[in-house]
Every structure is written in structure tokens, then in C-alpha cells.
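Worksheet for the structure shown next.
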Amino acid sequence: KAGVTQTPRYLIKTRGQQVTLSCSPISGHRSVSWYQQTPGQGLQFLFEYFSETQRNKGNFPGRFSGRQFSNSRSEMNVSTLELGDSALYLCASSLGEGRNTEAFFGQGTRLTVV
Amino acid sequence: AQTVTQSQPEMSVQEAETVTLSCTYDTSESDYYLFWYKQPPSRQMILVIRQEAYKQQNATENRFSVNFQKAAKSFSLKISDSQLGDAAMYFCAYRSYGGATNKLIFGTGTLLAVQP
């Protein structure tokens with residue numbers, strides 16, 4: 001069973017540009033969550049999608065957005081990039097329903113904004 | 001709002017010895033999940049152990065066990081017979097019960113070094 005796949009693994013962008021990151025969850029999983037990891041702020045929840053609907057959102061500006069497709073793959077987009085957006089972006093997939101639902105993480109996308 | 005606190009930024013242990021990582025949390029909910037995740041240099045988060053708050057029995061997974069004190073809101077991880085491969089960042093995490101969200105709230109992490 002394939003794990004969670006995040007692409008690309010590394011990305012370098014310039015301030016003011018926008019970027020799109022992709023996450024393919026484990027087959028059968030309907031929930032995808034995104035996290036930002038930085039040395040200063042640690043791991044922070046961005047948002048969660050379940051069956052193509054955003055059902056939870058963290059405290060990030062509107063420049064951060066996401067979506068989920070019918071095959072459960074998810075993308076997150078950051079517009080007007082700032083230096084502070086440099087981070088490791090982690091995606092987690094889970095079944096999304098019921099008590100015993102474990103989150104499986106991808107290897108992350110390392111975004112550097114210069 | 002729920003919070004998770006890890007007060008030990010770094011810990012060190014000798015190979016084959018035992019080490020305990022601390023975690024405290026704050027919540028007004030009565031039912032929830034607690035997790036320990038390991039993040040090695042590869043950066044991929046790996047689930048180490050999970051505890052459901054309604055279960056009084058402490059969870060164990062091979063060399064890993066937890067000490068869950070619900071009243072004290074404490075959730076420590078004990079690693080027995082430490083191995084070089086255990087060296088990593090360890091995060092404590094909280095998740096509300098129920099199917100409405102899979103949001104995880106993480107602590108700031110403890111960097112564990114294992115000395116040969």
C-alpha cells in the first residue's frame with residue numbers, strides 16, 4: 001500500500017510569487033490535513049479537507065488556501081509569498097471517520113522563499 | 001482551546017538505557033486522543049504510540065510505553081533499551097475525539113540524542 005506522497009520535495013520561490021503544493025493520500029483515505037513546520041513556530045495546523053470540503057482551518061492569512069479533489073488528492077496554495085513562509089509543509093492523510101483513525105504523514109515539501 | 005507543552009527541548013540517553021520524555025496538555029474535553037510522534041532527520045513524522053483518554057490502561061508498543069495521568073493532564077513517553085535509531089525529534093500531540101476533525105495539536109518537541 002503506497003504511503004502519502006507529497007510533491008515537490010523541494011521548492012525555491014521568490015518573494016511575491018505563488019506556489020502550489022500537492023498531496024496524494026493513502027488509497028481509501030478521505031481526510032487530508034496540512035501543517036506548517038518552522039523552527040520558530042513549530043508545527044502549526046493549516047487546514048483539513050474531508051470529502052472535498054474544508055472542515056477545519058487554522059489561524060493563517062487568506063494567502064494560504066487549499067482544495068481537495070474527488071480522488072482525495074489535495075493541493076495547497078500560497079499566494080504573494082513572504083520570506084516567513086519558508087518552512088516544511090507536511091501533509092497527513094487519514095480515513096477521516098470513526099474513533100480509530102490514525103494520521104499518516106508524507107515526507108513534506110521544503111519551501112524556501114528568497 | 002487545547003494546548004500541549006513539552007518542557008524538555010533536548011534530552012540525551014546512553015544506548016541500552018531508559019529515557020522518559022515529558023508532555024503536559026490542557027483541555028476541557030473529557031474524551032480525546034494523545035500521541036507521540038517521532039521525526040527523524042528524514043523529516044517524515046512516524047507514529048510511535050497512541051493513547052485514548054477513556055482507557056485507563058497505559059499504552060505500550062514494544063520498547064515504548066506511556067504514563068498517562070488524566071487528572072494531572074500528563075502524558076510521558078518511556079523508551080526502554082534505547083537504540084541509536086531512536087535518535088530523533090519527538091512530538092507529543094493531542095486530538096479531539098469524534099469524527100468532526102482530525103486536527104492535531106503538537107507540542108514544541110524534544111530532541112533526543114542517543115550516545116553509543
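General remarks:
- The stretch B:34-116: C-alpha gyration tensor shape, a/c 1.5 cut-off, then a/b vs b/c: oblate
- Checked against a 25 Å cut-off, the cross-linked pairs A:Lys57/B:Lys70; B:Lys38/B:Lys78; A:Lys57/B:Lys55; A:Lys57/B:Lys78; A:Lys13/B:Lys38 give Cα-Cα distances beyond that limit for A:Lys57/B:Lys70; A:Lys57/B:Lys55; A:Lys57/B:Lys78; A:Lys13/B:Lys38.
- For the protein assembly as shown, the Kirkwood estimate of hydrodynamic radius, built from reciprocal distances between every pair of different alpha carbons, is 18.2 Å.
- Total charge dipole magnitude, the protein assembly as shown, about the Cα centre, Cβ charges on Lys, Arg, Asp, Glu only, Debye to nearest 20: 560
- Working note: Karplus 6.51/-1.76/1.60 with θ = phi - 60° gives the stretch A:69-75 the couplings 9, 5, 8, 6, 4, 10, 10 Hz, where Gly and Pro are set to x.
- Ranked by the mean number of other Cβ atoms within 10 Å per residue, highest first, peptides A:39-46, B:11-18, A:106-113, B:47-54 order as A:106-113, B:47-54, A:39-46, B:11-18.
- Within chain A, percent of DSSP bridges classed antiparallel, to nearest 5: 90
- Within chain B, percent of DSSP bridges classed antiparallel, to nearest 5: 85
- For the stretch B:1-77, a Kirkwood radius taken over Cα pairs fed into Stokes-Einstein (37 °C, viscosity 0.692 mPa s) yields D = 241 µm²/s.
- Among beta bridges that DSSP assigns inside the protein assembly as shown, antiparallel share in %, nearest 5: 90
- Charged-residue dipole, Cβ positions (Lys, Arg, Asp, Glu), chain A about Cα centre, Debye nearest 20: 120
- Semi-axes of the equivalent ellipsoid for the stretch A:24-91, Cα gyration tensor, largest first, Å: 22, 12, 10
Just so you know, all these numbers are worked out from the coordinates, no wet-lab data involved. Because the structure is a prediction, the values reported are computed rather than measured. Note that each Cβ is placed from the backbone with ideal geometry, even for glycine, and that neighbours are counted across all protein chains shown.
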